[in-house]
1. Once the piece of chain linking ALA25 and ASN81 is laid out straight, how much longer is it, given 0.36 nm per residue of separation minus the C-alpha distance between them?
2. Taking the beta-carbon count within 10 Å as an exposure proxy, list SER74, SER31 from fewest neighbours to most.
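Computed from the coordinates by the stated procedures, all read-outs in this text should not be read as laboratory data. Note that the structure is a prediction, hence the values are computed from the model and not measured. With ideal geometry, Cβ positions are generated from the backbone for all residues, glycine too; neighbour counts draw on all protein chains shown.
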Amino acid sequence: MSMIKLLKELKEESGYKKFFNDMLAKYNVKSPAELKGDQKKKFFQAIEDGWTSEDPKTDDKDIEEQKIRELIRSIMREIINEK
């Protein structure tokens with residue numbers, strides 16, 4: 001799965017979009033693709049460390065959070081393998 005597709009899927013997650021956009025603003029970029037090297041790794045690590053599910057419609061918040069963390073890890077693996 002491409003990084004762009006993963007990011008789109010992540011951004012569509014309930015409650016996640018605002019958090020993700022806030023992180024983009026913190027890094028002063030419109031897309032993680034604008035980040036290079038260690039900055040990109042730090043960005044995704046901050047996403048993984050900072051995100052917690054807040055969707056009241058989800059019976060098991062841990063499942064939603066786990067799905068997002070798995071997607072972030074997949075993106076991080078792609079970044080590492082690009083080098």
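1. The ALA25-ASN81 span can extend by a further 17.6 nm.
2. Arranged by neighbour count, lowest to highest, SER74, SER31 become SER31, SER74.
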